[in-house]
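What follows is a single structure, written as structure tokens, with notes after it.
All of the numbers you see were taken from the coordinates with simple rules; none came from a lab. Source: prediction; values computed, not measured. Here the Cβ positions follow ideal geometry from the backbone for every residue, glycine too, while neighbour counts run over all protein chains shown.
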Amino acid sequence: MFRIDNTKASEKNADGDAPGTCAACGKSALDLQIDKGGIGEESRARLKCCTACFSVRYCGVPCQKKHRKQHRKECEENANKRRAFNDALLEKEISSDITHLPPQPDCDLCMYMMPPGMTASKFLGCCGKIICRACFSRSAAPGFMDLMKMYGGKESHSVEERMRAMMQVFGEGGSCSKETQGSRRCPFCRSSDDMVQYTKEHHAKRERCLESIADKGNSRAVLELAQVHQRGFSAAALANSNASDDSIFASTGNVMRGNITHEGGMKALEYFNKAADLGNADAYYELSKKYRAEYNADDYFLCLSKAVNLGCIEARDDLAMLAMQKKQKHIAMEHYKILAGAGYGKETTATLTAGYKEGCVTKDELEAALRAYHAARKEIFSEERARFELMNVGVSADGKVKVPGAFM
């Protein structure tokens, strides 16, 4: 059996590229989307995961049937490990002492409040500034502005029109073509070392920049280095890959990626631990995902709790879900109220509303949480972010084509 991959990020396998491709044919979600011939909601493609073990994904029924004999033994083993892991988690004690989130920082460029979540910001390895995704897209890929002008940022245009607009921007002679890549400049230090990552040299420059800042004790730079190695974008991984030295985005739509190896995974783990030692909340959350993939309940819960205490919003969401599974709904509702105050996810307010109907949240508490949620969303909102939201297309680390939400 399989289902659409909408599992929590913390439930996904953290072994690099494996969860991002079909276990049978090796296609990614973006490959499937390109096969459909377009971008946007109507052509969005998603991998489907095995509902017994959640450790492999498929692009469809034929591939799942083709891979079933090979996967059967592993599936049974992982399903048993998963059940034991979940049983162990239910024995963990969730503290009723709720720590609040630190204030959400502003984007260093547009000065609007940063959207919640670790993927909502972009760390500039050249100077260490942190900006929102919309500001980075405007600075590093102004062709997105051209795209919005071409069809006004409206979703009503056809797939063919959107794809044609994409090729005009990223194809030969376009504003994001190979010839213009070197002209992208950081809005702060005016360097071009970390503004585009289309070629091997671009990725090598970014890695060198991150290493320089990480050596100064910057935990976010250390975290970024961990993700570089985890995702196969390190110089060593790309050197051993078959990727062309030239940009391949415009011709195929594929993201350049190197070989994800055991050595790269170990290097990533080293950097994640180093960032965690420096007090980075997101690093603890990444470690918790690794331990979850290994079905290590003790270390998973320890890292998840530390991530929550340090202010990781995704970790708090996972902890709230665990509290719900343990039937500790009042503790879960306290966490969801905090998440609502940060403007995190529409499902947060839906969960609080359901909690009110079950008597876990009072009417006054629900109204206060909804006011806080809408106030936070108002602070996060900008017209530019809203326009870029319509242009959001790509593939996340788990192999799923991104849904709206990366910019706000």
Can you work out ³J(HN,Hα) from phi for every residue in the range 59-73, in order, using Karplus 6.51 cos²θ - 1.76 cosθ + 1.60 and θ = phi - 60°, giving whole Hz and x for Gly and Pro?
-> 8, x, 4, x, 5, 5, 5, 5, 9, 4, 4, 5, 8, 3, 5
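Which links in LYS346/LYS378; LYS122/LYS346; LYS357/LYS378; LYS274/LYS337; LYS92/LYS306 stretch past 20 Å when you go from one Cα to the other? Working shown, then result.
On the way: LYS346/LYS378 14 Å; LYS122/LYS346 23 Å; LYS357/LYS378 26 Å; LYS274/LYS337 32 Å; LYS92/LYS306 14 Å.
From the list (LYS346/LYS378; LYS122/LYS346; LYS357/LYS378; LYS274/LYS337; LYS92/LYS306), the Cα-Cα distance tops 20 Å for LYS122/LYS346; LYS357/LYS378; LYS274/LYS337.
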Rounded to the nearest whole number, the Stokes-Einstein translational diffusion coefficient of the range 304-360 at 20 °C and 1.002 mPa s (Kirkwood radius, C-alpha pairs) in µm²/s is 192 µm²/s
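Counting other C-beta atoms within 10 Å, and keeping those with at most 13, which DSSP coil GluC sites (Glu not before Pro) do you find in the range 45-129? Please report the intermediate quantities before stating the final value.
Values: sites: GLU74, GLU76, GLU77, GLU91, GLU93; in loops: GLU91, GLU93.
For GluC sites (Glu not before Pro) across the range 45-129 that sit outside H, G, I, E and B with at most 13 neighbouring Cβ atoms in 10 Å, the list reads GLU91, GLU93.
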Those trypsin sites (Lys or Arg not before Pro) from the range 293-367 that are DSSP loop and have at most 14 other Cβ neighbours within 10 Å turn out to be LYS327
